[in-house]
Each structure stands twice: as structure tokens, then as C-alpha cells.
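J.: Okay, handing you the structure first.
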Amino acid sequence: MRALTNTRVFRSVFRHGFPSSNRNRSLVVFSSFFLHFHPVKVRLRAIRFTRTFYLGGLCVACFFILTVSGIFLMFYYRPAVPHAYHDMKDLVFVVSSGTFLRNLHRFTAHMMVALALLHMAWTFLRGAYRPPREFNWVIGVGLLVVTVLLSYTGYLLPWDQLAYWAVTVGTNLVAATPLVGQKIKLLLLGGHAINDNALLRFYVLHCVVLPMVLVLGIGLHVWRVRKDGGIHLPPEVRTLAPGATEAMATTSKEAAQ
Amino acid sequence: MRERDEELGSQEAARAGADSARVVVVDFAAPELAGDLSDEPMVMTFPHLLVRELVAFLALSLFLVLVSLFFDAPLDAIADPTRTPNPAKAPWYFLGLQELLHYYPPVVAGVLLPGLLIIALAVIPYFQVNVERPSLWESAPLRRLGLLWLAISALSTVFCFASALPVWSIVVPLWMVGVAMSTGALPWRGGRVALWLRTRSLPFWIFLWFLVSATTLTATGFFFRGPGWAFTIPWRDGIY
Ligand code: HEM
């Protein structure tokens, strides 16, 4: 391993040696495009499992799994009536591991909505929504809406009875908006009924527009977590013996939220 | 790093029973700057945080792979606009809304209430910032108690009489939250639980109400609704 990290090729890619010194460990994070949204050092209290349950991080993980499995699904799927439905049948009965692929994409999508809701609830209960993080909370609400929309637009794509009628319920609600409702429905469906046009629009929204919005949003959100001072931590309460300095605190516990 | 003597801190000292002990509350206002100066323990992101993230990711992936191997996603008959299934249920995260549709016309259930919910969520951190210490009940507790129950009565009226049926899934959580909240105004000292309840902020209670109502509505829609959106018992009639 050590020898490998000293080769010219490795160094041309990673720029740092084997991470056995703190300097190199810093460089692992600092010099990587993908990792540099993390600071080089973090507070020990901030990475405790129960602090965040890594719920936000797991939302990102879900999005990653969804992107990969979604790209595979796109190879087998045509957004047209009635091909869409037959492609799903083929996926389940003909394509090798097709059922698994479809299951994974579908269950991960449900998981992501659930995790985003839990992340929101836990962030709130920890008090992390308060200033200076109030705007990141607002970005979070936006991410939740986009996540649900992604899940919802994907729901139509199999073109089965479940899909068709769930989307009918939804678009009828949209149509109930005063003044602009009918117009928005027309724009969304590309017609007055759910047909070929609607399927194509939902497909484009699901595979291109909404994922791009979500990637941007997640980037902004995670960047702001760091800019707002890292994970929110409650103040510490320390009891000091008479005349002691702070470093000699005898007990230390977190103040109530 | 800021130090301040807090109400909470002095209570802590009183409990310890040592007048001579000093209690400080250490608040890291700008931890990225204070981090290295304070004695807050720090660790290297690599390996400590990155390894934890990797483990969390692998655990999630394993779970999802196992679920995908043992359960199959539903695929119904091909879409048929002439044949409406009964009930036509949306995915679980919309069943709360669909449940509301049972009580209200689509403008209210599908546009007004979800719109208000999203706006309320977005503005929650902007109003009444940090009312936790001193507590809600510090000054004029009786007046605030009166205001609270006035607001609860108004909201109850709206959710009981503005629809064909009272929306119990919203009203009952409202009352429960109101009762839990009011314990803070009572003149008893109480134990740890009472102290905890007394120091919750107003946004906390509002959020709790949202959370419990939304969960109740969703669970009702998921487990207890069948054909014609009639009430069903899941262990007797099954889940639709
Ligand atoms: C697609 C959905 C989302 C993703 C991918 C995401 C991602 C993240 C990540 C990676 C973190 C770092 C801490 C952690 O892992 O928990 C975080 C923190 C945070 N998130 Fe989210 N999030 C999402 C949705 C939301 C929602 C719906 C809200 C609230 C309405 C929200 C509000 C926050 C706040 C306030 C923080 C800062 C927490 C702190 O400083 O302790 N996020 N998010």
C-alpha cells in the first residue's frame, strides 16, 4: 500500500502520500474535490451517531443509489403509451436482475422521502433550525418538496393502474388551485387528460429537471452546513471547583436543548 | 468562545449544593474560528468522520439490497382510464392529504392547507427567535395561558366546524399539545420532566402539533381506509 502511494502515477492523481501523518490525513480531505466540503478537522461531539443519526448524509446516499439504478432503468424504458408498461413487464420477467433493479430503485425512493422527513424532524427537535441556520432550514424545506416531486413524477412512469390513478388524484388537486389551477394542469400534462404527452413530461421532469435542481440544492445545503459553523451543538455546562480554570472542569455535560 | 452565567447554570449549581463551585456555559458561537483555540476535542475528518460515513452508507445499502431481494415492488394491470380502482390510493406520503380530502373540498385540502404548511415550516425559524431561556412562562403566565387557550379554541372551531365532520386527527393532537404546554404555567416546581416541558419554545409546540397531526392523518389514510374511503379495521378487513 505504502509503496503504491509513492508511485508517480498515484501522486499525479492524489498529490498526497500514505495517510499515516496528520498532514497527509488533512490533505486527503483538503485536496479532494469530492471531500473538501468537509473541514479537515471536526469536533468530536459533532460526529456522535445520535447527534444527527447521519440522516442528512443518508439522504445523499439514497440519491446516489437512485441515480445509479435510475440510469440502468433508463436503458430499458421508453416513455410512451403503451410501451412504458410493456417495458416494465419485460424488466420484471425478461431482463436478468431486472426485478431487483426495479425494486431497489422503488424502495430507495420511498426510503429517501422517509429519511428526509426524519432528518427534518430530528433537526428541528435538536434546535438546529435556529439562527444562524434558519436559511439552511428553508433550503431544506425546498429539498423536501423537490424530493417528494421526484418521487411523485416517478410514480407515473410504470403506467399501471396504481400510477395512473395516483397521478389523477394529484393533478385534480392541482387543478383546484384558484385562477391558475387549470393552466398549471394543462402545462403539467400537455393536454386535458393523462396520456402520452403527460408521460413524456413527467419523464423529462423525473430524469432531467428535478434531479438537476436537487443536485444544486443539496450542494448549496451541505455547503451551508459548514459555513453556518458546522453541525449545531448545544452549549456545554461545566462545573468548576473553586478557583479552577476552565481546562480543569470536573464535570462537563451538555445544556438542555 | 463566550461564557455566560445562565439561569440553567445556577440551577445546576444549586443541585450540586456547592455555593463555591462555579458553573459556566460554554457556547461556541463561531466554532470554525474557536475550534482550535478552545479545549473542545477535535478529531481528523479522515479517518474518523469518513469511516463513519462509509459504514452508514454500507449499512443503508445492505438494508436496501436485502429488502429488494425479498420483496417485490407492485406492478398492477395496465393503466385504464375507464376503470377506476376503489379505493384509488396515492403513495403513502400523500395519504395525509388524501385523508384531508375526505373532509374538505380540493381547494382547501389540496392547495390551501399544504400551502400553509410549507409556508409555516419555512418561516418557523424566523419568528420568536430563541424563546427558550427565559421560558415562555417567565412573565405574565396567566395572560399567556389565556391567550394560548383562546388560540386553541379558535383553531378547534375552525377544524371542527369548517368541514362536514370534525377533523379529530388535527384537533386531538392540538388539545394534547395545549395541555402539555400549559403544565409549564403552573406554579409548581416539579421534577426534571416539568422543567423540560417548561423550557420548550413556542415553535417547538407548533412543530409538535404539525408532526403528530400529519402522522395521525397519514396513518389513518394508510391503515384505516378502504373502498369509498370508508373506515376499515386493518386486522379485520386488511390494508387497502
Ligand atoms: C434531499 C434532502 C436533504 C438532504 C440530502 C440533506 C442533507 C443534509 C446533510 C448531509 C446535512 C449534514 C448533517 C447531517 O448529515 O444530518 C444536513 C444538515 C441540515 N439539514 Fe438537511 N438535507 C435534506 C433535507 C432537509 C430538510 C427537509 C430540512 C428541514 C426542513 C433540512 C435542514 C437541515 C439543517 C437545518 C441542517 C443543519 C443541521 C445542524 O447544523 O445540526 N434538510 N442536511
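The values are calculated or read from the model by the stated rules, or taken from the named source; none is laboratory data. Bear in mind the structure is a predicted one, so any value in this text is a computation, not a measurement. Note: ideal-geometry Cβ built from the backbone for every residue, glycine included; neighbour counts use all protein chains shown. Just the protein is used for accessible areas: all its heavy atoms, side chains included, with ligands, DNA and RNA removed. Shrake-Rupley method; radii C 1.70, N 1.55, O 1.52, S 1.80 Å.
J.: For the stretch A:188-210, check the following and say yes or no: at least one residue is of a type outside the set (A, V, I, L, M, F, W, C), open to solvent by 40 Å² or more (accessible area, probe 1.4 Å) and within 8 Å of chain B (Cβ to nearest Cβ).
T.: no
J.: While we're looking at this one, here's another question. Sort through A:175, A:114, A:121 and tell me the only one that's closer than 29 Å to residue A:229 by Cβ, without any contact (Cβ under 8 Å) to a residue 40 or more places away in the chain, more than 7 Å from chain B (Cβ to nearest Cβ) and more than 8 Å from the ligand (Cβ to nearest atom). Spell out how you get there, then give the answer.
T.: Details: A:175 fails: closer than 29 Å to residue A:229 by Cβ; A:121 fails: more than 7 Å from chain B (Cβ to nearest Cβ).
Sole residue among the options that is closer than 29 Å to residue A:229 by Cβ, without any contact (Cβ under 8 Å) to a residue 40 or more places away in the chain, more than 7 Å from chain B (Cβ to nearest Cβ) and more than 8 Å from the ligand (Cβ to nearest atom): A:114.
J.: Here is a further query. Using the structure shown, decide if residue B:118 is more than 28 Å from residue A:82 (Cβ to Cβ), within 9 Å of another protein chain (Cβ to nearest Cβ) and surrounded by fewer than 18 Cβ atoms within 10 Å (Cβ to Cβ). Outline the logic, then answer.
T.: Working: more than 28 Å from residue A:82 (Cβ to Cβ): yes; within 9 Å of another protein chain (Cβ to nearest Cβ): yes; surrounded by fewer than 18 Cβ atoms within 10 Å (Cβ to Cβ): yes.
Considered against the rule, which asks whether it is more than 28 Å from residue A:82 (Cβ to Cβ), within 9 Å of another protein chain (Cβ to nearest Cβ) and surrounded by fewer than 18 Cβ atoms within 10 Å (Cβ to Cβ), residue B:118 comes out as yes.
J.: Among the candidates A:183, A:227, single out the residue that is open to solvent by 40 Å² or more (accessible area, probe 1.4 Å) and within 12 Å of the ligand (Cβ to nearest atom). It would help to see each step written out before you state the result.
T.: Values: A:183 fails: within 12 Å of the ligand (Cβ to nearest atom).
When all the criteria are applied, what remains is A:227.
J.: Can you tell me how many residues in the stretch A:125-144 are without any contact (Cβ under 8 Å) to a residue 60 or more places away in the chain, closer than 21 Å to residue B:97 by Cβ and either within 7 Å of another protein chain (Cβ to nearest Cβ) or touching a His at 6+ places or on another chain (Cβ under 7 Å) (or both)?
T.: Final tally of qualifying residues: 1.
J.: Picking from A:199, A:144, which residue would you name as being modelled with pLDDT of 95 or more, under 26 Å from residue B:107 (Cα atoms) and within 11 Å of the ligand (Cβ to nearest atom)?
T.: Working: A:199 fails: within 11 Å of the ligand (Cβ to nearest atom).
From the options A:199, A:144, the qualifying one is A:144.
J.: So, one more: Tell me, which helices (runs of 4 or more DSSP H) lie completely within the stretch B:165-240 with 3 or more residues that are of a type in the set (S, T, N, Q) and out of contact with any strand residue (DSSP E or B) (no Cβ under 8 Å at 6 or more places or on another chain)?
T.: Working: elements: B:168-182, B:192-198, B:202-223, B:234-237.
Ranges flagged: B:202-223.
J.: Now for a different question. Restricting to the stretch A:67-87, what's the tally of residues that are in a helix (DSSP H, G or I), at the interface with chain B (Cβ under 10 Å from one of its Cβ atoms) and either over 26 Å from the mean Cα position of the chain (by Cα) or within 16 Å of the ligand (Cβ to nearest atom) (or both)? Can you show your working first?
T.: First, pick out the residues of the stretch A:67-87 that are in a helix (DSSP H, G or I): A:67-74, A:83-87.
Adding the requirement that they be at the interface with chain B (Cβ under 10 Å from one of its Cβ atoms) leaves A:69, A:84-86.
Those still in the list that are either over 26 Å from the mean Cα position of the chain (by Cα) or within 16 Å of the ligand (Cβ to nearest atom) (or both) too: A:84-86.
Here the count works out to 3.
J.: While we're looking at this one, here's another question. Regarding the stretch A:4-16, can at least one residue be identified that is within 11 Å of the ligand (Cβ to nearest atom), assigned to a loop (DSSP other than H, G, I, E, B) and more than 9 Å from every other protein chain (Cβ to nearest Cβ)?
T.: In the first step, residues of the stretch A:4-16 are kept if they are within 11 Å of the ligand (Cβ to nearest atom); the result is none.
The answer is no, given that none of the residues of the stretch A:4-16 is within 11 Å of the ligand (Cβ to nearest atom), assigned to a loop (DSSP other than H, G, I, E, B) and more than 9 Å from every other protein chain (Cβ to nearest Cβ).
J.: Under 9 Å by Cβ, and 6 or more places apart or on different chains, what pairs join a residue from the stretch B:75-96 that is in contact (Cβ under 8 Å) with a residue 60 or more places away in the chain with one that is part of a loop (DSSP other than H, G, I, E, B) and of a type in the set (Lys, Arg)?
T.: From residues that are in contact (Cβ under 8 Å) with a residue 60 or more places away in the chain, the pairs are B:95/B:89.
J.: Could you tell me whether any residue of the stretch A:30-47 is open to solvent by 40 Å² or more (accessible area, probe 1.4 Å), in a helix (DSSP H, G or I) and within 16 Å of the ligand (Cβ to nearest atom)?
T.: yes
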